[in-house]
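Since every read-out is calculated from the coordinates, none of them should be taken as a lab result. No experiment lies behind these values; they were computed from the predicted model shown. Here the Cβ positions follow ideal geometry from the backbone for every residue, glycine too, while neighbour counts run over all protein chains shown.
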Amino acid sequence: MSEVTAHRAAILHCLRDPSDDKDPIAAGSVEYFEDGLLVVADGYVDRVGPAEKLLENLPSNVEVIDHGDKLIIPGLIDCHVHYPQIDIIASYGERLLDWLEKYAYPAERKFADSEHAKEVAEFFVQELLRNGTTTACVFATVHPQSVDAIFEAASKYGMRLIAGKVLMDKNCPEDLRDTPETGYEQSKQLIEKWHGRDRLSYAVTPRFAITSSEEQLREAGRLLQEYPDVYLHTHLAENEEEVAQVARQFPWSSSYLDVYERFGLVRERSVFAHCIHMHDDDRKLMARKGAAMAFCPSSNLFLGSGLFDLAAARRCGVRVGAGSDVGGGTGLNMLATLADGYKVAQLSKQCLSPFKSFYLATLGAAQALRIDSSIGNISEGKEADFLLIDPARTAITERRWRRSSDIAAKLFALTMLGQYEVVADTWLKGCRQRRAAMSDSGELVREVL
Ligand code: GUN
Ligand code: ZN
């Protein structure tokens with residue numbers, strides 16, 4: 001007997017990239033049901049559509065949960081985040097290379113202790129779910145036990161997660177280094193242990209070109225040859241000093257991307273965070289190879305790294321998803337991340353529309369990570385990862401929501417206000433993860449995860 005539940009609410013999701021559409025709902029790239037029904041069977045989307053129509057054919061024994069005028073959206077996707085850095089989020093005063101030395105490396109050193117790793121991983125996964133992030137592509141640390149901890153925590157909740165052990169064998173503190181050989185062996189063991197288990201996937205994770213020898217990058221390429229369906233996750237062209245150092249360290253390279261390309265690291269399921277200081281030739285190469293960019297606006301503003309060029313990415317046809325990049329980023333909330341994305345676009349005299357923005361953390365992110373056949377929207381047959389958004393959770397979102405004329409304006413305001421409290425509930429493959437209990441007067445009284 002299959003388990004079937006129906007959810008009645010407003011429903012909003014993307015069916016394709018809305019960038020070219022003046023009115024994405026009319027054009028069909030975005031679908032919106034003001035009074036919609038989502039039918040979930042055994043963790044998968046069975047049907048979605050107007051409530052009135054679907055209710056006609058719904059078997060009478062199916063439970064219908066009426067969420068009133070709240071909004072169902074797909075689970076949000078974070079394409080780039082460092083879980084070990086959650087404890088140094090919002091640390092003052094540095095730009096990338098000094099920030100790594102002063103804050104990131106000391107925080108990551110603590111993950112030699114697997115008990116510490118477990119405690120942080122559990123908090124991190126809960127925090128993702130609280131913020132409505134149902135899938136994330138995650139950096140661990142150089143320690144293999146840090147990867148075990150995050151995969152264990154994600155699998156406990158049934159969450160989709162991509163993660164990997166950091167590879168770094170130079171230009172970082174001695175006690176955080178591996179070697180080309182140990183990095184290769186440890187990664188291989190972790191791939192064998194975790195890749196494809198539950199909803200988990202492995203990412204070969206050289207930190208960035210600066211912290212790897214050529215031998216290590218070659219070994220990373222070897223892993224990708226041996227395991228073609230794992231990910232490659234790294235940083236690219238985030239900061240000008242970093243780009244200059246890469247040019248000095250790899251004098252034979254024609255660009256930063258060329259370093260990765262030389263070792264076979266630019267391909268489908270390659271995720272490059274930042275991609276700010278680069279040229280169209282490299283963007284086009286990424287597009288040809290099917291690689292993806294993670295746009296991390298909060299981090300780029302916080303670390304003063306620069307302005308990501310969304311229009312150039314689009315012009316060159318590269319896949320782009322949004323990333324929080326915590327601890328460089330200042331929060332796990334993808335709505336707040338997208339709000340910063342809008343401001344980055346404004347500073348570049350570009351415009352990030354409400355639906356395009358929404359796409360970057362839902363279907364666009366799933367396409368960047370090449371998991372759009374499983375998640376990214378609420379289409380029939382996909383895994384039922386979705387959120388219930390309740391604008392009434394904060395006074396300002398409630399007020400602004402009521403005063404917005406249409407769903408585009410409502411979505412825009414909700415995104416810009418970036419309040420995680422509006423994520424009232426999170427479902428992973430049809431399983432409800434959290435219930436924020438309300439008092440009779442509608443006050444949030446406790447939160448159970
Ligand atoms: N480049 C190399 N390592 C890091 C990191 O931990 N955070 C960010 N934002 N950029 C990096
Ligand atoms: Zn990062």
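The stretch 6-88: which trypsin sites (Lys or Arg not before Pro) are DSSP loop and have at most 10 other beta-carbon atoms within 10 angstrom?
Lys22
For the chain, give the magnitude of the charge dipole about the Cα centre (Cβ charges: +1 Lys/Arg, -1 Asp/Glu; no others), in debye to the nearest 20.
Its charge dipole is roughly 700 debye.
Enter the mean projected area of the convex hull around the alpha-carbon atoms of the stretch 181-226, in nm², rounded to one decimal.
Over every viewing direction, the Cα hull of the stretch 181-226 projects on average to 3.3 nm².
Using 0.36 nm per residue of separation minus the Cα-Cα distance, give me the extension gain between Glu214 and Asp198 in nm, one decimal.
2.4 nm
So for the stretch 198-329, what are the equivalent ellipsoid semi-axes in whole Å, largest first, each being the square root of 5 times an eigenvalue of the Cα gyration tensor?
For the stretch 198-329, the semi-axes come out at 21, 18, 15 Å.
Taking the Cα atoms only, what angle lies between the long axis of helix 180-194 and the longest principal axis of the chain, rounded to 10 degrees?
20 degrees
Along the charge dipole of the chain, Cβ charges K/R +1 and D/E -1, which of Gly331, Leu257, Cys316 sits furthest on the positive end?
Positive-most Cα among the choices belongs to Cys316.
Averaged over every viewing direction, what's the projected area of the C-alpha convex hull for the stretch 283-376? Give it in nm², one decimal, please.
5.8 nm²
Using a simple charge model, +1 on the beta-carbon of Lys and Arg, -1 on the beta-carbon of Asp and Glu, nothing else, what dipole does the stretch 341-404 show about its Cα centre, in debye to the nearest 20?
With Lys and Arg at +1 and Asp and Glu at -1, about 540 debye.
Compute the acute angle (0 to 90°) between the alpha-carbon long axis of helix 240-249 and the principal axis of greatest extent of the alpha-carbon atoms of the chain; round to the nearest 10°.
The angle comes out near 40 degrees.
Want the number for Ala27 to Val62: 0.36 nm per residue separation, take away the alpha-carbon distance, what's left?
Gain on stretching Ala27 to Val62: 9.3 nm.
Please list 3J(HN,Hα) in residue order for the stretch 260-277, calculated via the Karplus relation 6.51 cos²θ - 1.76 cosθ + 1.60 where θ = phi - 60°; whole Hz, with x for glycine and proline.
Taking θ as phi minus 60°, the curve returns 5, 4, 4, 9, x, 9, 9, 6, 4, 6, 9, 10, 10, 7, 5, 6, 8, 8 Hz for the stretch 260-277.
Mind checking the dipole of the stretch 60-110: about its Cα centre, +1 per Lys or Arg Cβ, -1 per Asp or Glu Cβ, Debye to the nearest 20?
Values: 5 positive and 9 negative charges, 51 e Å.
Magnitude of the dipole: close to 240 debye.
In degrees between 0 and 90, to the nearest 10, how far off the longest principal axis of the chain does helix 334-347 point, with axes built from Cα atoms?
70 degrees
Compute the distance from the alpha-carbon center of the stretch 27-50 to that of the stretch 152-221, in whole Å.
Result: 37 Å between the Cα centres.
Name the residue farthest towards the positive end of the dipole of the chain from the options Leu100, Ser353, Cys79, assuming +1 on Cβ of Lys and Arg, -1 on Cβ of Asp and Glu, about the Cα centre.
Ser353
Taking K and R as +1 and D and E as -1, what net charge do the other residues with C-beta under 12 Å from the C-beta of Ser404 add up to?
Local net charge: +3.
Which entries in Lys156/Lys343; Lys165/Lys343; Lys343/Lys382; Lys343/Lys410; Lys284/Lys349 show an alpha-carbon gap greater than 28 Å?
Check vs 28 Å cut-off fails for Lys156/Lys343; Lys165/Lys343; Lys343/Lys382.
With point charges of +1 on the Cβ of Lys and Arg and -1 on the Cβ of Asp and Glu, referenced to the Cα centre of the stretch 138-287, which listed residue (Leu176, Tyr227, Phe208) lies farthest in the positive direction of the dipole?
Tyr227
Kindly provide log₁₀ I(q)/I(0) values, in the same order as q = 0.11, 0.14, 0.16, 0.21 Å⁻¹, from the Debye equation applied to equal alpha-carbon scatterers of the stretch 1-153.
Listed by q, the Debye log ratios stand at -0.66, -0.85, -0.93, -1.21.
I need the Debye-formula profile for the chain: one equal scatterer per C-alpha, no solvent, reported as log10 I(q)/I(0) at q = 0.07, 0.09, 0.14 1/Å, two decimals.
Result of the Debye calculation: -0.33, -0.54, -1.31.
Quick check: pseudo-label points 7 Å beyond the Cα along Cα→Cβ at Gln249 and Glu115, how many nm apart are they?
According to this spin-label approximation, the distance is 3.5 nm.
How much space per residue, in cubic angstrom, does the convex hull of the C-alpha atoms of the stretch 219-283 take up?
Considering the Cα atoms of the stretch 219-283, their hull volume per residue is 80 Å³.
Ranked from highest to lowest mean number of other Cβ atoms within 10 Å per residue, what is the order of the peptides 247-257, 204-214?
Going from most to least packed, we get 204-214, 247-257.
Subtracting the Cα-Cα distance from 0.36 nm times the residue separation, let me have the gained length for Ser373 to Ala395 in nm, one decimal.
4.2 nm
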